[in-house]
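Report on the structure given below.
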């Protein structure tokens, strides 16, 4: 059983919930758990490399990315990748991914086709904009957002090709809903070539 925990990162993978880190009212946590709704039970998983709360978690290509967070002193730029299938085989499920361009805690996160977006954040330090992770190149790139430093604690979700953010805090509490087009489709006409033409 997990017990009291707040500020954790949570992701859903194949009908199960994976919970990472958090804060129990006294200390920051490195623990990891999996919840199986079929049996209504929690299972303890290999922990994070170090304690953190206010990280985010997202699924891409059957892996869970645990990104950023706050360790009680500083915001973190770390990316840790959790492989649920390796965990099921009792193998080490953790590997380190590329660092964020800026440390982020209390951010929003959304998985879009072929990318992860980490939006806003900033508890110990002001953080601007968002970052997009490309798993093909294993790189982060900056993305502009409609709010300045310290836009944090918003909800984010993907609907089709769009990412929606709801509320959050940016110097004041927000009631806005924002939409970002995460991907576009281009159709290139491709027809028969007429013979005899240059």
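The values are calculated or read from the model by the stated rules, or taken from the named source; none is laboratory data. Only a predicted model underlies this, so the values are computations on that prediction, with no experimental measurement involved. Here Cβ is always computed from backbone atoms with ideal geometry, including for glycine, and neighbour counts include all displayed protein chains.
Quick rundown of the values:
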read-out	value
Index of the failed condition, residue 21 passing every other in (1) under 19 Å from the mean Cα position of the chain (by Cα); (2) surrounded by fewer than 16 Cβ atoms within 10 Å (Cβ to Cβ); (3) over 15 Å from residue 83 (Cα atoms)	(2)
Residues satisfying the stated conditions in the range 143-153, i.e. surrounded by fewer than 17 Cβ atoms within 10 Å (Cβ to Cβ) and outside any strand (DSSP E or B)	144, 146, 148, 149
Counted residues, the range 154-167 - those being assigned to a loop (DSSP other than H, G, I, E, B) and surrounded by fewer than 20 Cβ atoms within 10 Å (Cβ to Cβ)	3
Answer from 140, 80 - the residue that is more than 11 Å from the chain's Cα centre (by Cα), at pLDDT 95 or above and buried (at least 20 other Cβ atoms within 10 Å of the Cβ)	140
Residues of the range 125-137 satisfying the condition of being at pLDDT 95 or above, out of contact with any strand residue (DSSP E or B) (no Cβ under 7 Å at 6 or more places or on another chain) and either crowded, with 16+ Cβ neighbours inside 10 Å or under 14 Å from residue 108 (Cα atoms) (or both)	none
Residues of the range 168-182 satisfying the condition of being loosely packed, with under 13 Cβ neighbours inside 10 Å, part of a loop (DSSP other than H, G, I, E, B) and modelled with pLDDT under 90	171
Tally, over the range 13-23, of residues that are farther than 14 Å from residue 70 by Cα and out of contact with any helix residue (DSSP H, G or I) (no Cβ under 9 Å at 6 or more places or on another chain)	3
Tally, over the range 34-73, of residues that are surrounded by fewer than 21 Cβ atoms within 10 Å (Cβ to Cβ) and under 18 Å from the mean Cα position of the chain (by Cα)	11
